[in-house]
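S.K.: One structure is given below, represented as C-alpha cells, and several questions about it will come after.
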Amino acid sequence: MARAAYDYALELLAIRAYTTRNLQRKLIDRDYPDDEVAAAVERLQSAGLLDDERYAQEYARQKLTFGSASVRRVQQDLLRRGVASALIQSAIDSVMADEPVDIDGSIERLVRRKLASMGELETDVRRRRLFAFLARRGFDLDDISRSIERHLPRGWHDSSPVKLPAGCATSAASSVFFRLAASDHKYYEAASGCLSPTITRLFCT
C-alpha cells in the first residue's frame, strides 16, 4: 500500500527542515494528488512541523553568524526557497538585533581563503577574481572595495580613466558603475558577469 503524502512528508522533515514550497514540490514530484498535498501541508502547518517563519529565522542565524554569508545572499536563498519577503526581512532583522553578526569578519575569511587558492597569479587577475567572487555572494560594494584595498591595494585607487564598453550610460548614475569598475576596465568585465539584469540595464543601454 502506498504511503500517504503526510507520512512521506514526515519522513522528509525528520531528515531536515523544508520550506512550504520546497516540501510541496517534493510531494508533487512523487505524484501525489494536489488535494492530498494541500491537506498534508495544512496538517503539518497546524501541528507546527512546517513553518516558513521559523525556517527563515534558523537559516538566517546559521548563515549570518556562522556561515560567512552576506545579508543579500541570505535574502536570495530564502526567496528561491519560496519564503515570503516580509518573513525574510523579519528574520534578518531579528538575527542582526540579537546575534553578533560580523560582516567584515565574514568577508575577511572568504578573502583569505580565496587568495590562498589563487597562488601566484598576477595582482590584477587576483583583484578581478576576488571582486567577482565577493559580488556573486551578495556583499555590498563598499565592503568589497575596502577588503580588496586592504589585501591588494596596488592600483585600486588609480586615477587613470576607466574604459567602459560603448553604449554605457554617461549620466550621474554611471558614477556608481565607475566605482564598481574601479580603475581598470577589467573590473567592468567582472562586474557585468555578476550584476543582476536590472542593474546592468541601469548602466548600459
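The values are calculated or read from the model by the stated rules, or taken from the named source; none is laboratory data. As the structure is a computational prediction, the values presented were derived from the model and not from experiment. When we count neighbours, we look across all protein chains shown, and the Cβ atoms used for this are built from the backbone with ideal geometry, even at glycine.
S.K.: Just checking, which of SER94, SER106, SER68 is farther than 18 Å from LEU141 by Cα and not hydrophobic (A, V, I, L, M, F, W, C)?
M.R.: Residue meeting the stated conditions: SER94.
S.K.: Just to be sure before I move on: is ILE103 closer than 16 Å to GLU149 by Cα and of a type in the set (Val, Ile, Thr) in the structure I sent?
M.R.: In short, no.
S.K.: What is the one condition in (1) part of a loop (DSSP other than H, G, I, E, B); (2) without any contact (Cβ under 8 Å) to a residue 24 or more places away in the chain that TYR32 does not satisfy?
M.R.: Single failed check for TYR32: (2).
S.K.: Follow-up question, since we're still on this one. Quick check on my filter: what residues within the range 1-28 are surrounded by 13 or more Cβ atoms within 10 Å (Cβ to Cβ) and under 23 Å from the mean Cα position of the chain (by Cα)?
M.R.: Of everything in the range 1-28, those that are surrounded by 13 or more Cβ atoms within 10 Å (Cβ to Cβ) and under 23 Å from the mean Cα position of the chain (by Cα) turn out to be ALA17, TYR18, THR19, THR20, ARG21, ASN22, LEU23, ARG25.
S.K.: I'd like the residue in the range 71-83 that is loosely packed, with under 15 Cβ neighbours inside 10 Å and without any contact (Cβ under 8 Å) to a residue 40 or more places away in the chain and, out of all such residues, is farthest from ARG25 (Cα to Cα).
M.R.: As a first pass, look at the range 71-83 and keep what is loosely packed, with under 15 Cβ neighbours inside 10 Å: 72, 79-80.
Filter once more, so that each one left must be without any contact (Cβ under 8 Å) to a residue 40 or more places away in the chain: 79-80.
Details: LEU79: 15, ARG80: 13 Å.
Taking the candidates together, the pick is LEU79.
S.K.: From the list LEU130, LEU49, which residue is aliphatic (A, V, I, L, M), under 30 Å from ASP7 (Cβ atoms) and at pLDDT 90 or above? Before the answer, list the steps.
M.R.: Working: LEU130 fails: under 30 Å from ASP7 (Cβ atoms).
Testing whether each residue is aliphatic (A, V, I, L, M), under 30 Å from ASP7 (Cβ atoms) and at pLDDT 90 or above leaves just LEU49.
S.K.: Take the conditions polar (S, T, N, Q) and without any contact (Cβ under 8 Å) to a residue 40 or more places away in the chain and apply them to SER46. Does it pass?
M.R.: yes
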